[in-house]
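This report refers to the structure that appears directly beneath it.
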Amino acid sequence: MAADAQSMALYVSPTGNDAWSGRYPTPRDGDGPLATLTGARDALRRLKAASAFPVGGISVAVQPGTYELSSPLELTDADSGLAGGDVIYRAWPERQVHLVGGKVVRNWTPVTDPTVLSRLDPSARGKVMQADLRAAGVTDLGEVVSEGRRLEFFFKDEPMTLSRWPNEGFVKIVDVLNLNPVDVRGTKGDRGGKFVYDGDRPKRWTTESDPWLHGYWFWDWADQRMKVESIDTDKRIISLAPPQHSYGYRKGQWYYALNLLCELDSPGEWYLDRQTGILYFWPPSPITDGSAVVSVLGDMVKLSNASNVIFEGFTFEGSRGSGIVMSGGEHNQVLGCTFRNLGSWAVKVSGGAANSVIGCDVYNVGNGGISLSGGDRNTITPAGHLAENNHIHHYGRWNRMYQPAISLSGVGNRAAHNLIHNAPHEAIAFSGNEHVIEYNEIHSVCYESNDAGAIYAGRNWTMRGTTIRYNYLHDISGFEGRGCVGVYLDDMYCGTAINNNLFYRVTRAAFIGGGRDNSIENNVFVDCRPAVHVDARAMGWAKPGAESWVKESSEKGTHLGLPYLKPPYSERYPQLLNIVSTDPFAPMGNRIDRNVCVGGRWDEIEGKGRPFLTIGDNLLDQDPLFVDAEHLNFQLKPQSPAYQIGFERLPIEKMGLYKDPRRASWPVTHSVRPAQIPPAPAPRAARTNPVVFRVPARTQAVKVDGTLNAEEWFGLDTTRGITVEQGINGEKLARKSQAWLAYDAQYLYLAIDNAVDPLQALRPGDTWGQDDAVEVSLQNSAAGKTAPILVLRGFPSGHFVGSDEPGTPKAVVDTAAQGVLYAARAVNAARWTAEWRIPWASLGIDPSTQTRFAFNLCVRKSAEPLWVEWQGTGTYTWEVSQAGVIELVR
């Protein structure tokens, strides 16, 4: 029969007993509270079996204390609440309930074993404590790096550091051995798993039983921990155990060593000897100051098709896995909980509908924060999952890359009013359709990565309809200040709105990577470099990958397996119907309108993509009348000129967290991570007085054979030529080239002497960006700013090509290459030379009347790899408006 009460409460206490009923908060008459959440779950099942489940739901009130979980709490459909009658697991009466997936270690003693003391760094002797984990009841010692098996150690509620060298930061690979060379568009490395190191520190590691290295081995966005196989201390070569890193290894990339007893040399470091079961630890304060916990359990709470279940106010910590994992089910809520010191995620949701994570604090988790996956992409049916008002920071503690604070996948999920900061990689990653990302504040992310996005998605034409609005992104600059991205639509991602956001000090703030039908509208950009990036990669280096999409679309009528030419896709996204027939490689349908840009730089748009863009009215380099920019109040005053172009007011006051009884903590404090922003490049040539090189008339006949003859080239006097030694932002580079120019009535002549890495072979191919090459870029200044930029590229093979990359019409490119003579010669392992004879007529120039031209030279030195310019443009090498000027001397 139904229960008489409309609702009911059960109680759980550290002093409870699972043999009791749980109906009383304190013991009475041989009855009282339960001892565990599992006991509460079983009591609820008994109520349901007796048809005594109240229609108003049940509250499981868990009293303050620490609960060590010996097994996960597993809920199924049988444990669901009712619509309007939830099952609420609540920390009661205050948020003082700690669910711990680890084991408290108490049996600490000083290290006295002479053999161990001899292996310790002298600075650590007498300061390191030890504990026998097996004696403490920990029988599963786990592994060093494996997901779900990784044992970690926490002291005073903070993660401690597995012994490492160096204690902070990284050291760099001196060189690779080219055992199995790899070359990705000119970025060269080796898949052989061996590299050269600097110094003698690794000599200390040769007696260690299980040394590992953690590195960014090839790309700045792909890290991996790898086991050391052997160390050749004579040749200073480290060999890594297979399987090797999938991308390979590259000179200059960075790594550190870990899991070494000999490197336990600073407070907070620890090491576990898995053969003896002894954990060694240098406590940063007396070991009696707080609890010491090793992680034992995997996932802590698992819901499988359970619905109408609420968890409120708990602290989840100390496990090897995730805090809460949901599979299926509807209307579940995680409210005001704290997730910290976990080995994996805080909350993972897959499938189901309308599940929410609200008001939680998430930090010091090994992977990401909240993962929401659900909805049906075939029918574009939304799941309606929600992550709102969460404070997520210092995540990606162990797995550094592609572990976002919030992940949205599937259809129709939402991330709103979250505060996200201090992470090595992404803040929000999304894939699928029609998500909403709004009112979030994001800063200090991507600090250990480059070519990364604070908000990121990529690689699909059909994943459309996501809105990114009303967000505040600030202080995002990438590893070593080399730049990352604010909102990154990577590799032809389409149909996304980047509208009504505020960006402050973000590199490449809004980024369209060759995709279509995106919008960048009504945003405010302050001190961003640049504010807007759009490229045409599918028309260039990414075309081979895009061609496979076109082939599938043409032959099968599907895109990555999805029938996009049929309803609902053909009806919801009509642009897809003609995507193959209307130049599928071009970035068509993108709109940039009603934005405000102050400071920094406005755009970085690839020339060949610019004709496909719709660029409306944008307020650029004009005072927009901020309320108080000095104190970072970027709201516009009512009289702002931005409103005259149709700009709509941003609700800045609503961005970020808000006060709510369900918040795990309030008030919330946070600080901006010191930015790694390199010095700003010199003012751009187009806005100041550009560097001018005066080109003399030739004095000798020039034989274009690739050999630099002193008689032909002014004695090869470097003071009479151009030194090519600048990086992209104008910084001086060590590996420079030297060029000489001359002219007569018919031709422009150019010779260039290129120094390259003598230890690396020249790349003799004919692919720009991948192989060694010289680029000549010129624009006829007298014809105005819209005059075509003429680009010629020559290779050590003696082959040259014209390029349409700046958006130059193909007919003009073909004409510019007519009659050109080019020759090149490899002088020795460290040098190659080249000569040009370029007809003025092919360039459409009359040197008798036109004498001044915007100009740049760039040399691709693929071994380093380097882009070395005459004038660093801060953007594309051919962007001559940002480079220099050549002037013919009469």
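Across the range 321-381, the volume of the C-alpha convex hull divided among the residues equals 76 Å³ per residue. Entry note, the chain: the mean residue ellipticity at 222 nm calculated from DSSP H runs of n ≥ 4, each adding -39500 (n - 2.57), is -1500 deg cm²/dmol after division by the residues and rounding to the nearest 500. The lysines within cross-link reach of Lys654, meaning a Cα-to-Cα straight distance under 20 Å and a gap of 8 or more places when in the same chain, are Lys637.
Exceedance of the 25 Å cut-off in Cα-Cα distance is limited, within the set Lys172/Lys861; Lys551/Lys608; Lys732/Lys810; Lys203/Lys227; Lys227/Lys251, to Lys732/Lys810.
Farthest toward the positive end of the dipole of the range 1-145, out of His98, Gly85, Ala40, is the Cα of His98, where the dipole comes from beta carbon charges about the Cα centre. Seen from a random direction on average, the alpha-carbon convex hull of the chain projects onto 42.9 square nanometres.
Note on the range 36-75: percent of Cα-Cα distances in each 5 Å bin, starting at 0 and stopping at the bin with the largest distance, equals 6, 19, 26, 24, 14, 9, 2. Here the Kirkwood formula, the inverse mean of 1/r across different C-alpha pairs, assigns the range 68-142 a hydrodynamic radius of 17.1 Å. Kirkwood hydrodynamic radius computed over the range 1-122 comes to 16.5 Å, based on all pairs of distinct alpha carbons. Stokes-Einstein, applied to the Kirkwood radius of the range 64-112 over Cα pairs at a viscosity of 1.002 mPa s and 20 °C, places its translational diffusion at 149 µm² s⁻¹. Which value in Å does the Kirkwood hydrodynamic radius of the range 133-217 take, with 1/r averaged over all unlike C-alpha pairs and then inverted? Every distinct Cα pair counted, the radius reaches 16.4 Å. Between the beta carbons of Leu47 and Glu147, assuming R0 = 41 Å, the FRET efficiency works out to 0.65 to the nearest 0.05.
Extension gain for Thr723 to Arg694 (0.36 nm times residue separation, less C-alpha to C-alpha distance): 9.1 nm.
Other residues within the sphere of radius under 13 Å centred on the Cβ of Lys227, judged by their own Cβ, net out at -3 (K and R +1, D and E -1). With the cut-off at 19 Å, report for the range 731-890 the share of all Cα pairs above it, as a whole percent. In whole percent, the long-distance tail amounts to 52.
For the range 539-647, the extents of the C-alpha atoms along the principal axes are 57, 32, 24 Å, listed from largest to smallest. P(r) for the range 251-314, from all Cα pairs and a bin width of 10 Å, is 13, 29, 24, 20, 13, 1 %, short bins first. Per the Debye formula on identical point scatterers at the alpha carbon atoms of the range 849-890, with no solvent, log10 I(q)/I(0) at q = 0.31, 0.32, 0.34 Å⁻¹ is -1.01, -1.05, -1.11.
At an R0 of 51 angstrom, the distance between the Cβ atoms of Lys654 and Val174 translates into a FRET efficiency of 0.50. Between Ala586, Thr558, Tyr447, the Cα set farthest toward the positive side of the dipole of the chain (charges on each charged residue's Cβ, about the Cα centre) is that of Ala586.
Restriction of the trypsin sites (Lys or Arg not before Pro) in the range 766-873 to DSSP coil positions whose beta-carbon has at most 15 other beta-carbons within 10 angstrom yields Lys785. The eigenvalues of the Cα gyration tensor, multiplied by 5 and square-rooted, give the range 784-858 an equivalent ellipsoid with semi-axes of 25, 14, 12 Å from largest to smallest. Restricting the calculation to Cα atoms, the range 293-423 shows an Rg/Rh of 0.95 when the hydrodynamic-style radius is the Kirkwood one. Taking 0.36 nm per residue of sequence separation and removing the Cα-Cα distance, the Leu620/Asp77 pair yields an extension gain of 189.8 nm. When the Cα positions of Ala354, Thr808, Ala52 are compared along the charge dipole of the chain, Thr808 comes out farthest toward the positive end, with charges on each C-beta of Lys, Arg, Asp and Glu.
Of all lysines in the structure, those lying under 24 Å Cα to Cα from Lys348, and not within fewer than 8 positions of it along the same chain, are Lys103, Lys302.
In the frame of its principal axes, the range 383-455 has Cα extents of 32, 22, 19 Å, reported largest first. In this Cβ point-charge picture (+1 for Lys and Arg, -1 for Asp and Glu), the range 263-421 has a dipole of about 420 debye about its Cα centre. The charge dipole of the range 59-131, taken about its Cα centre with unit charges on the Cβ atoms of Lys, Arg (+1), Asp and Glu (-1) only, comes to about 580 debye. Note on the range 143-189 and the range 810-861: Cα centroid distance 46 Å, given to the nearest whole angstrom.
Across all Cα pairs in the range 434-512, the calculated P(r) in 5 Å bins from zero up to the longest distance comes to 4, 17, 28, 24, 18, 8, 1 percent per bin. Relative to a virtual label point 7 Å from the Cα of Ala586 in the Cα→beta-carbon direction, which members of the range 791-807 show backbone nitrogen distances below 13 Å? The answer is 807. Report the percentage of all Cα-Cα pairs in the range 656-807 whose separation exceeds 21 Å, rounded to a whole percent. Of the Cα pairs, 63 percent sit more than 21 Å apart. Exposed loop sites here mean GluC sites (Glu not before Pro) with a DSSP loop assignment and at most 15 other beta-carbon atoms within 10 Å; the chain contains its longest site-free run at 169-647.
DSSP loop (so not H, G, I, E, B), at most 11 other Cβ within 10 Å: list which chymotrypsin sites (Phe, Trp or Tyr not before Pro) in the range 620-663 pass both filters. Here no chymotrypsin sites (Phe, Trp or Tyr not before Pro) fit, given the DSSP loop and packing criteria. So if I place +1 on the C-beta of Lys and Arg and -1 on the C-beta of Asp and Glu, and nothing else carries charge, what would the dipole magnitude of the chain be about its Cα centre? I want it in debye, nearest 20. Magnitude of the dipole: close to 400 debye.
Read-outs throughout are calculated quantities, based only on the coordinates presented, and are distinct from any laboratory measurement. Model, not experiment: these values are computed from the prediction. Every residue, glycine as well, gets a Cβ built from its backbone with ideal geometry; the counts of neighbours run over all protein chains shown.
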